[in-house]
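Please read the structure below before turning to the comments.
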Amino acid sequence: MQSLLDEFVTGWVDDPLAGFAVGTFGATAEFLRPPGVTVTVEHAPGRHTAICDEGALRLDLHHGTLSPRAWRRPVGTDDWTHAVALCLPADRAAGPARTAVTVLGDDPDPLVAPGTLVDLGLGVAHLEACIRTDDRALVDRCARASALDGPLVGAIVASGATRVFRTAVARVEVCTPIPPPDGESPLGPNTHLLPDLLAHRRTHAATDPIPDGEVPVASVFPPHPRRDALGRAHPWDAAADAAFEAAMEAFGDPAELAATRAARRGAPAPAVMDTATRRGRRVGERLPR
């Protein structure tokens, strides 16, 4: 499994149309390649890195209990999303889960630029959501803070601090400016912090088919055959369709995949369907035959 996952991840990191995310429900850092920007990619067995001026990604797959979970999920009446979640058992994914803003000191392993790491205190067991800055006044302000309140958020936004989200297997750094609440995310690495969603204390969306007891510590969004990474429609991409079908064969639920293929062939639906079969059936009915 390790070598097979390594092979797939190498291809995804090399692919300018693939996206990656590290986070939790309500707080996410995404690594997307900005249009026209040079990205430096490095691969070693079990370790994959992509770096540009706007941000960086590192995936470290040296975890014997790491399980890739590929899935498709129906959306609306005729569309679907797909992803590969890299999952760990909840106890293996757990970290410090700090609940207060905490200055951690110099970042020991920066990908883009050095600076002081500050944990934002989101209290998420599998995720450290941090900023990194060389602004001493901001660091001092964080050291005096007990919670991530509105004024501190405003100071962080104004400073342009790098966001660093890390889990047991992944790190995403985002150096792009934080847009205002009514603004748009940049076309490249970006972060989202949505307190209303974070308050649900979920590790992932309820509609993501992650097995009980597992936590997604990174997610990959391989190229979609119908839409780009920003959700914009494009002509049908048969190569992207075939590539994700291969990922489903390697890492997906066999019942879901079988149902998708049966529906795609036009085979009649079985009288009784479990959740995976029903999900696969609904996706297969939206795929071209």
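Nothing in this text is a laboratory measurement; each read-out follows from the coordinates by a stated rule. Computed from a predicted structure; not experimentally measured. For neighbour counting, all protein chains shown are included, and Cβ atoms are generated from backbone atoms with ideal geometry for every residue, glycine included.
Across the stretch 161-289, C-alpha contacts under 8 Å between residues 6 or more apart give a mean separation that, scaled by the residue count, equals a relative contact order of 13 percent.
Straightening the chain between residue 47 and residue 238 buys 65.9 nm, computed as 0.36 nm per residue apart minus the Cα-Cα spacing.
Against the chain, whose longest principal axis is taken from its Cα atoms, helix 2-14 shows a tilt of about 70°.
Helix 275-284 sits at what angle to the longest principal axis of the chain, using alpha carbons and giving 0 to 90 degrees rounded to 10? Here the helix axis deviates by roughly 80 degrees. Quote the FRET efficiency, to the nearest 0.05, computed for residue 14 versus residue 143 with a Förster distance R0 of 45 Å and r equal to the Cβ-Cβ distance. It comes to 0.65. Sorting 47-60, 264-277, 95-108, 239-252 by their mean Cβ neighbour count within 10 Å, with the most densely packed peptide first, gives 47-60, 239-252, 95-108, 264-277.
The calculated 222 nm mean residue ellipticity attributable to helices in the chain amounts to -7500 deg cm²/dmol, summing -39500 (n - 2.57) over DSSP H runs of n ≥ 4 and dividing by all residues.
Using 1/(1 + (r/R0)^6) with R0 = 35 angstrom and r between the beta carbons of residue 185 and residue 250, what's the FRET efficiency to the nearest 0.05? Walk me through the intermediate numbers first.
Values: r = 31 Å, r/R0 = 0.88.
My answer for the efficiency is 0.70.
Once the Cα atoms are used to define both axes, helix 238-251 deviates from the longest principal axis of the chain by about 80 degrees. Ordered by the number of other Cβ atoms lying within 10 Å of each residue's own Cβ, fewest first, 12, 71, 236 fall into the sequence 236, 12, 71.
Given R0 = 30 Å, the distance between the Cβ atoms of residue 206 and residue 158 translates into a calculated FRET efficiency of 0.30.
Dividing the mean sequence gap of close Cα pairs (under 8 Å, 6+ apart) by how many residues the chain holds gives a relative contact order of 24 percent.
Projecting the Cα atoms of 80, 29, 16 onto the charge dipole of the chain, computed from C-beta unit charges around the Cα centre, puts 80 farthest toward the positive end. Taking other residues whose beta carbon is less than 10 angstrom from the beta carbon of residue 48, and scoring Lys, Arg as +1 and Asp, Glu as -1, yields -2.
Here the simple spin-label model places points 7 Å from the Cα toward Cβ, and for residue 7 and residue 113 these points are separated by 4.1 nm.
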